[in-house]
Amino acid sequence: MSAGSAARAGHLRNTTLNAIGRATFMAPVAKAAREVRAGLGLPPVPIRGLEFGLSRYLHVQLCPRGFEYPRSDLPPYVHFVGAPVPPVPAKFEQPSWWPRLSESAHVVLVTQGTIATDPAELLAPCLEGLAGRDLFVVATTGAADPAVLGDPPPNAVVERFVLYSALLPYVDVMVSNGGFGSVQLAIAHGVPMVVAGISEDKREVTAHVGWSGAGINLRADHPSPKVIAGAVQRVLNEPGFRDHTLALQAQTAGTSPAKSAADLLERLAVTGNELPRTGSRQ
């Protein structure tokens, strides 16, 4: 199939899915939105599938522009500001294993995320696949008790939570199930990824990771230890993944995403008009 044919087929698919969505699971949501607007004295707005909740004046997207596909129909009031990075607290207490981050040849972070939190899906096979290799693995379970994974291999530690803004500057590869927040924090720190997730919004987020060149999309919820280890080694060996991630990071480097978002909201409050994109960063 040619690129043009594939694009047309994709547009037809999306149009069909939007129509189905409007008529089925989005119908009660749209009805509730109309009722809320009416209660506030606001007029109804057109219902356009999954995008009915977007402002007609300003939409702040917490990722760099290069993470989004090229779109001829992208509204001019969509602004890409990047991911806000939480500051490291002055009283941050480093875990006892923290010196290993500097002593190890490579550091791999693997996170199970906050919604699809079964550690058997990604954490367990990642720990198994990377055991015995010349790298240090930091695994975070999120909600699950780290004890459910048993004793980690000697080259790994398992924690319920680690402050990413403190940890990511040491990380060479992040393995995740494709949660949007963790992916954007990795990009903000220039860390390439291996992603494996097809539930919730993860199928689309992981597709963006692969398309942008920021990492490898394994297209699975439960990849095997061998597949994970091979992908991690490939990201470590091929500099193109880090180069693409650094290029995305550079698009919002030197800016404060939180301040950019606040400035846009203040401008909208003053003007009350659509805020078209200006400059190369947006």
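A compact table of results
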read-out: Test: residue in region 172-183 that is of a type in the set (Gly, Ala, Ser) and on the phi > 0 side of the Ramachandran plot; value: yes
read-out: The listed residue being exposed (fewer than 15 other Cβ atoms within 10 Å of the Cβ) and closer than 23 Å to Val227 by Cα, out of Asp145, Asp151; value: Asp151
read-out: Members of region 58-88 found to be free of Cβ contacts under 8 Å to residues at least 24 places away in the same chain and surrounded by fewer than 12 Cβ atoms within 10 Å (Cβ to Cβ), listed by number; value: Pro70, Arg71, Ser72, Asp73
read-out: Residue that is farthest from Ala220 (Cα to Cα) [pool: residues in region 101-120 that are open to solvent by less than 80 Å² (accessible area, probe 1.4 Å), of a type outside the set (S, T, N, Q) and outside any loop (DSSP other than H, G, I, E, B)]; value: Leu101
read-out: Condition broken by Leu246, with the remaining ones in (1) aliphatic (A, V, I, L, M); (2) out of contact with any Leu (no Cβ under 8 Å at 6 or more places or on another chain); (3) under 21 Å from Glu121 (Cα atoms) satisfied; value: (3)
read-out: Some residue of region 174-197 being of a type outside the set (S, T, N, Q), more than 11 Å from the chain's Cα centre (by Cα) and assigned to a helix (DSSP H, G or I); value: no
read-out: Given (1) over 24 Å from Tyr77 (Cβ atoms); (2) open to solvent by 50 Å² or more (accessible area, probe 1.4 Å); (3) in contact with a helix residue (DSSP H, G or I) (Cβ under 9 Å, 6 or more places away or on another chain), index of the condition Glu274 fails; value: (1)
read-out: Meets criteria (more than 23 Å from Pro239 (Cα to Cα), modelled with pLDDT of 95 or more and hydroxyl-bearing (Ser, Thr, Tyr)) for Ser212; value: no
read-out: Cβ pairs under 6 Å, 6+ apart, first in region 150-162 and under 16 Å from Pro95 (Cα atoms), second of a type in the set (A, V, I, L, M, F, W, C) and assigned to a loop (DSSP other than H, G, I, E, B); value: Val157/Trp97
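The values are calculated or read from the model by the stated rules, or taken from the named source; none is laboratory data. Computed from a predicted structure; not experimentally measured. So basically every Cβ, Gly included, is an ideal-geometry build from the backbone, and we count neighbours across all protein chains shown. Side chains are part of the model used for accessible areas, which takes the heavy atoms of the whole protein and leaves out ligands, DNA and RNA. Shrake-Rupley method; radii C 1.70, N 1.55, O 1.52, S 1.80 Å.
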